[in-house]
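A.B. asks: Please read through the structure below; I'll follow up with questions.
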Amino acid sequence: MTTVTRLTCTCAIAAGVSLPALPAPRAAQSKPAGRLFAPLDLGLLEAPDRDQWQKPEQIMDALLIGEGSVVADLGAGGGWFTIHLARRVGPNGLVYAEDIQPQMIEVITRRVQRENLANVKPVLGTAKDPRLPHNIDAVLIVDTYHEMEDPITLLKNVARSLKPQGLIGVAAFNPGGGGPGPAPEDRVDPQAVVKAAEAAGLQLVKREPVPPFMFLLVFGRGRNWN
């Protein structure tokens, strides 16, 4: 089955974690040029000022993530946001760091070992199914939505992993140019995300600006979820 890897916004190079020297998996080699984010380029995505413009604390607050929460980081890449989540949920919580590239999973594994974090579990998913367990409090999707080949199916599978009151957060760069992030043509329209989420049986709970460059959409299961 052909898969499309979701762009990840995290990296391990700046954290001092070496990247695995592995060939691209066969599925990845069949991708159209430009769709697969190369693990060796992860260092481009972890700017020193990322905390300032991505505002991880605001995003985690919006998803009601606290000490003891069970959460997932979809398209975790090298684990930048995974580390923030792990520190927020603490030793009594758990973070599933999901990606669909085996190289990314290796980078995450090495990073959490370096950080001495016992509350992170890497998960190798697929483009349509992240293969998450059930009873998750919150799932975070940071700047990876635009790489999903079938967002409706993926969001349905994500929603099945949530607790009844669980939340899904989609953080992405504002349409147009300016700032870091993908090229203007690769950025997503927030209303397109909302439409796909509704088709997956979700409902919009809140929308927040994450100034100056991003927005956050928070979804829960719809009333007719089954």
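The values are calculated or read from the model by the stated rules, or taken from the named source; none is laboratory data. Note that the structure is a prediction, hence the values are computed from the model and not measured. A quick note on method: Cβ atoms are made from the backbone with ideal geometry, for glycine too, and the neighbour counts reach across all protein chains shown. These area figures cover heavy atoms from the full protein model, side chains too; ligands, DNA and RNA do not enter into them. Shrake-Rupley method; radii C 1.70, N 1.55, O 1.52, S 1.80 Å.
A.B. asks: Counting other C-beta atoms within 10 Å, and keeping those with at most 16, which DSSP coil GluC sites (Glu not before Pro) do you find in segment 83-176?
C.D. replies: Loop-located and lightly packed - Glu115, Glu149.
A.B. asks: Might you work out the accessible area of Glu208 for me, using a 1.4 Å probe with all protein chains in place, and round it to the nearest 10 Å²?
C.D. replies: Spelled out: Glu208, probe radius 1.4 Å, area about 50 Å².
A.B. asks: Next up: How large, in percent, is the carbon and sulfur part of the accessible surface of segment 52-144 at a probe radius of 1.4 Å? Mind dumping the intermediate values first?
C.D. replies: Numbers: 1570 of 3330 Å².
Here carbon and sulfur together make up 47 percent of the probe-accessible area.
A.B. asks: Can you pull the percent of segment 149-202's accessible area that's carbon plus sulfur, 1.4 Å probe, other chains left in place?
C.D. replies: Details: 1150 of 2300 Å².
Answer for segment 149-202: carbon and sulfur cover 50 percent of the accessible area.
A.B. asks: How much length is gained on full extension from Ala183 to Asn119, taking 0.36 nm per residue of separation minus their Cα-Cα distance? Could the numbers behind the result be given before it?
C.D. replies: Numbers: separation 64, 0.36 × 64 = 23.04 nm, distance 3.43 nm.
Extending this stretch completely gives an extra 19.6 nm.
A.B. asks: Taking amide H atoms as placed 1.01 Å from N in the peptide plane, list the residues 5 or more away in sequence, or in a different chain, whose amide H sits under 5 Å from that of Ala127.
C.D. replies: The answer is Val4.
A.B. asks: Separation between the Lys206 and Lys163 pseudo-spin-labels, each 7 Å from Cα along Cα→Cβ, expressed in nm?
C.D. replies: Going by the 7 Å Cα→Cβ label model, 1.7 nm.
A.B. asks: So what is the accessible area of segment 85-226 per residue, in Å², with the probe set to 1.4 Å?
C.D. replies: Working: 6260 Å² over 142 residues.
It amounts to 44 Å² per residue over segment 85-226.
A.B. asks: Would segment 85-166 count as rounded, prolate or oblate if I go by the C-alpha gyration tensor, calling it rounded below 1.5 in a/c and otherwise prolate when a/b exceeds b/c, oblate otherwise?
C.D. replies: oblate
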